[in-house]
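The values are calculated or read from the model by the stated rules, or taken from the named source; none is laboratory data. Please read all numbers here as calculations on a predicted model, not as lab measurements. Here the Cβ is made from the backbone with ideal geometry for all residues, glycine too, and neighbour counts use every protein chain on show.
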Amino acid sequence: MKQTFKLFKIGLQQTMRDGMLFALLPAPFLLGLFIKIVIPIADHLLQANLSFSLQPWYPLADAILIGLTPMFLGMVSAFIILDERDEGTGLYYQITPVEGYSYLLARIGLPMVWAFLCSVSATLLFGISHTPLLQIIFPSIISTFMGIVISMMTVSFAGNKVEGLAISKLSGISFLGLFAVWFAPTPYKYLGAILPSFWIGELVLNGSRIIVIIAGLVTCLFWVYLFTRRFLQKI
């Protein structure tokens with residue numbers, strides 16, 4: 001465990017030295033600030049001029065913030081792993097006490113604990129739908145695992161940082177499940193249930209039901225298992 005924390009510290013230092021990765025750290029709070037300021041102003045203007053309100057979609061804005069926060073931080077973890085692969089240092093860690101699952105714990109697991117805290121705090125600070133605390137905590141747990149899924153998907157399929165950037169752009173597809181909760185009629189919305197974001201939307205919109213929490217965790221763990229297995233086979 002000592003080696004794991006040491007490697008986590010090294011990753012943090014790498015993030016501080018890389019401008020792109022460092023810029024991703026405050027991104028959730030900047031997004032939250034945008035939501036807090038711009039959407040209510042847009043709602044006021046639309047109501048005044050078109051008698052149309054955005055307020056029914058305020059929970060969707062909060063759900064997007066909850067979902068994107070771990071994704072931003074998960075991409076930081078993925079790019080560090082890809083950088084180490086490009087530099088060959090990833091091979092070094094395979095023959096040290098930090099290998100396999102311990103390496104992933106240092107590079108993805110520990111950063112995702114921070115991502116969970118950021119997801120909850122950003123939503124409490126900048127949320128616009130007055131979502132109850134439990135309806136923030138449980139979706140944030142799912143979104144944290146979703147961040148792990150995105151990280152593992154990226155490092156499993158990308159051979160280098162350039163490919164990782166391309167895959168990260170495609171990761172936006174994972175939010176189709178979230179939008180299905182709001183815009184797809186029942187039963188068609190359940191086609192998005194294979195995506196973790198679907199369960200984030202269900203929890204934010206319909207409350208923290210235990211069956212939804214379990215379904216979301218099982219979905220996330222399914223994808224984490226597949227991508228982790230592929231990643232460990234590659235190293």
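Restricting the first member to segment 156-171 and to residues that are surrounded by 12 or more Cβ atoms within 10 Å (Cβ to Cβ), and the second to residues that are among the aliphatic types (A, V, I, L, M) and not in a helix (DSSP H, G or I), the beta-carbon pairs closer than 7 Å and six or more apart or on different chains are 164/158; 167/158. Within segment 56-73, residues that are farther than 18 Å from residue 224 by Cβ reach partners that are outside any helix (DSSP H, G or I) and among the polar types (S, T, N, Q) with beta carbons closer than 6 Å, at six or more positions or on different chains, in the pairs 58/129; 59/129; 62/129; 62/131.
Checking each residue in segment 182-198 for being in contact (Cβ under 8 Å) with a residue 60 or more places away in the chain and of a type outside the set (S, T, N, Q) picks out only 182.
In summary, residue 128 fulfils each of the numbered conditions (1) surrounded by fewer than 22 Cβ atoms within 10 Å (Cβ to Cβ); (2) assigned to a helix (DSSP H, G or I); (3) touching a residue at least 60 places away in the same chain (Cβ under 8 Å) with the single exception of condition (2). When residue 102 is tested against (1) within 18 Å of the chain's Cα centre (by Cα); (2) over 30 Å from residue 181 (Cβ atoms), exactly one condition is not met: (1).
Every condition in (1) surrounded by 15 or more Cβ atoms within 10 Å (Cβ to Cβ); (2) within 15 Å of residue 70 (Cα to Cα); (3) of a type outside the set (Phe, Trp, Tyr) is met by residue 177 except one, and the failing one is (2). The criterion of at least 2 residues that are within 17 Å of residue 145 (Cα to Cα), more than 16 Å from the chain's Cα centre (by Cα) and modelled with pLDDT of 95 or more is met by the following helices (runs of 4 or more DSSP H) wholly inside segment 165-235: 210-234. A single member of 140, 151, 156 is closer than 20 Å to residue 32 by Cα and of a type in the set (Ser, Thr, Tyr), and it is 140. Taking every residue in segment 215-235 that is touching a residue at least 40 places away in the same chain (Cβ under 8 Å) and surrounded by fewer than 14 Cβ atoms within 10 Å (Cβ to Cβ) and pairing it with any residue that is in a helix (DSSP H, G or I) and among the polar types (S, T, N, Q), at least 6 positions away or on another chain, the pairs with Cβ-Cβ distances below 8 Å are 234/156. Residues of segment 10-24 that are surrounded by 12 or more Cβ atoms within 10 Å (Cβ to Cβ), in a helix (DSSP H, G or I) and either in contact (Cβ under 8 Å) with a residue 40 or more places away in the chain or of a type outside the set (A, V, I, L, M) (or both): 11, 14, 15, 20, 21, 22, 24. With respect to residue 123, determine if the residue is under 14 Å from the mean Cα position of the chain (by Cα), surrounded by 18 or more Cβ atoms within 10 Å (Cβ to Cβ) and more than 28 Å from residue 231 (Cβ to Cβ). The answer is yes for residue 123.
In segment 99-112, the residues that are closer than 19 Å to residue 25 by Cα form Cβ pairs under 7 Å with partners that are modelled with pLDDT under 85 and aromatic (Phe, Trp, Tyr), at six or more places apart or across chains, as follows: 106/8; 110/8.
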